[in-house]
Amino acid sequence: MNLQTDSSISNLKYGLYIVSTPIGNLNDITLRALKVLSNSDYILCEDTRVTKKLLTKYKIKSNLISNHKFNEKKNLIKVIDILKDGKIVSLVSDAGTPTISDPGNILINECIKRKINVIPIPGPSAPAAALSITGFSEKYYFYGFFPEKNSEIKKNFQILSKLDSSIVFFISAKKLAKSVDIIKKYFLDRDILVAKEITKFYEEFFRYKIEDLDTKSINLKGEITLVISNKKIFNKTSNNLSESDKKKIKKLLKKLSIKEIIDLIKEGKDISKKVIYNYCLKLKNEK
């Protein structure tokens, strides 16, 4: 790998710089990001109050333009005119790498169309940070934020559950608490990492087998990144329950939890936990 020195940083090309900023800890900003921001004529940011904290810490006085999902279309011509005038413009999000579940793609596509330089300045990223400590497959699919409606979540999970890769989500604590049963239904035979407030003071990581996921035991607040593991390979695992197992489950549901039933039915048999779990849910929903 050839490493570039920073001798060329004083001669920045004109254009749009996509600058990654800290996801919590302000010390995670890169030296290159600081130099680009310092040399920018304008900085586009989601919330000027959030970006000012970072700029104030590092004594950067570039001009700010508010640019969020509600006004990015309105800003488009204004920003393109600035760029066509040979200026240096940086795009930042409130935290992490811009355009990853954040505004920016409308502007980037317009720059590409008009042959205006678009240059990435890599740095902090919540998906990369969470993935790096999972021990899961290096192949991954980044989904982003959970949809609002459960019907949409189920529709998407049905597709995602077929992927043999790690899957990364963003989610609020409240939404996670409401989504545990859906996660179990589609990803029961996998592991999960719950990353809370990455790089911040209250940073915590929780690791579970998905069948044991229980948010009641976690003090969940703030921003959460979920990583679900790749599929586990089971040899000769049956996807069918015998009639005797079905009858047994019906009786056990009156006395035991679904987790206890799974442990009992699986004992000495090669039956997928997901199959047992889904059958238990089906019976509960029929009541």
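The values are calculated or read from the model by the stated rules, or taken from the named source; none is laboratory data. Quantities reported herein were computed from a predicted structural model and do not represent experimental measurements. A quick note on method: Cβ atoms are made from the backbone with ideal geometry, for glycine too, and the neighbour counts reach across all protein chains shown.
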What about residue 148, is it in a loop (DSSP other than H, G, I, E, B) and closer than 18 Å to residue 230 by Cα? no
Just checking, how many residues over the range 125-146 are touching a residue at least 12 places away in the same chain (Cβ under 8 Å), within 17 Å of residue 190 (Cα to Cα) and out of contact with any helix residue (DSSP H, G or I) (no Cβ under 9 Å at 6 or more places or on another chain)? 7
By residue number, the members of the range 193-210 that are out of contact with any Asp or Glu (no Cβ under 9 Å at 6 or more places or on another chain) and surrounded by fewer than 21 Cβ atoms within 10 Å (Cβ to Cβ) are 201, 202, 205, 206
Among the residues of the range 30-50, which ones are farther than 18 Å from residue 89 by Cβ and touching a strand residue (DSSP E or B) at 6+ places or on another chain (Cβ under 6 Å)? none
State yes or no: is residue 133 among the β-branched types (Val, Ile, Thr) and farther than 17 Å from residue 193 by Cα? no
Counted residues in the range 125-146 being more than 14 Å from the chain's Cα centre (by Cα) and surrounded by 13 or more Cβ atoms within 10 Å (Cβ to Cβ) come to 3
In the range 81-102, anything of a type outside the set (Gly, Ala, Ser), within 23 Å of residue 38 (Cβ to Cβ) and either surrounded by 15 or more Cβ atoms within 10 Å (Cβ to Cβ) or under 28 Å from the mean Cα position of the chain (by Cα) (or both) is listed as 82, 83, 87, 88, 89, 91, 92, 94, 97, 98, 99, 102
Considering each of 221, 174, 149, 154 in turn, give the residue that is surrounded by fewer than 14 Cβ atoms within 10 Å (Cβ to Cβ), in contact with a helix residue (DSSP H, G or I) (Cβ under 8 Å, 6 or more places away or on another chain), outside the structural domain of residue 265 (by TED's automatic domain parsing) and under 24 Å from residue 102 (Cβ atoms). 221
Within the range 250-281, count every residue that is among the basic types (Lys, Arg) and over 17 Å from residue 232 (Cβ atoms). 5
The range 238-287 - residue that is among the acidic types (Asp, Glu) and touching a strand residue (DSSP E or B) at 6+ places or on another chain (Cβ under 8 Å) and, of those, surrounded by the fewest Cβ atoms within 10 Å (Cβ to Cβ): 270
Out of all the residues in the range 137-155, is one or more within 25 Å of residue 219 (Cβ to Cβ), small (Gly, Ala, Ser) and either touching a Phe, Trp or Tyr at 6+ places or on another chain (Cβ under 8 Å) or at pLDDT 95 or above (or both)? yes
